[in-house]
Amino acid sequence: MKAARIVKVDEPLQVQELQTPKPKGSQILIKVQSSGVCHSDVHVWEGYYEGIDGQPLRTTDRGVKYPLTPGHEIAGIVVH
Ligand SMILES: [Zn+2]
């Protein structure tokens, strides 16, 4: 499968070929037809969130690991 991934923060996404995941247990596999980009995706791409006091909170300090595939607002077809 192809995925547009954040490899390094604040750099263009890279389209990569990845192994199609195999669902386990109660998981399902969805063939993504489209995906929205929400503001949390932008924060992950920028590499930080703005804290309550305006201080930047680095995504890596909050457990985010790169590379990753952004987009959690998807529409698709259940294939398995
Ligand atoms: Zn969202």
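The values are calculated or read from the model by the stated rules, or taken from the named source; none is laboratory data. If you're wondering where the values come from, they're calculated on a predicted model, not measured in any experiment. Positions of Cβ are generated from backbone atoms using ideal geometry, with glycine treated the same way; all protein chains shown enter the neighbour counts. Just so you know, the surface numbers come from the protein's heavy atoms only, side chains and all, with ligands and any DNA or RNA stripped out. Shrake-Rupley method; radii C 1.70, N 1.55, O 1.52, S 1.80 Å.
Summed over the residues of region 3-80 and divided among them, the accessible surface reaches 77 Å² per residue at a probe radius of 1.4 Å. Per-peptide packing, taken as the mean over residues of other Cβ atoms within 10 Å, places 71-77, 25-31 in the sequence 71-77, 25-31 from highest down. For Tyr48, the residues whose modelled amide H falls within less than 5 Å of its own, excluding neighbours fewer than 5 places apart on the same chain, are Thr59. Annotation: amide H of Ile30 within the under-5 Å range of Val79, sequence separation 5 or more or interchain, hydrogens built in the peptide plane. Across all Cα pairs in the chain, the calculated P(r) in 5 Å bins from zero up to the longest distance comes to 3, 13, 20, 22, 17, 13, 7, 4, 1 percent per bin. Bridging of Lys8 to lysines at a Cα separation below 29 Å is possible for Lys22, Lys31, Lys65, once same-chain residues fewer than 8 apart are set aside. If you roll a 1.4 Å probe over the chain with all protein chains in place, what percent of the accessible area is carbon or sulfur? About 54 percent, which is the carbon plus sulfur part of the accessible surface. What aspartates and glutamates sit close enough to Lys2 to cross-link, taking a C-alpha to C-alpha distance under 16 Å and skipping anything fewer than 8 places away on the same chain? Partners within reach: Glu17.
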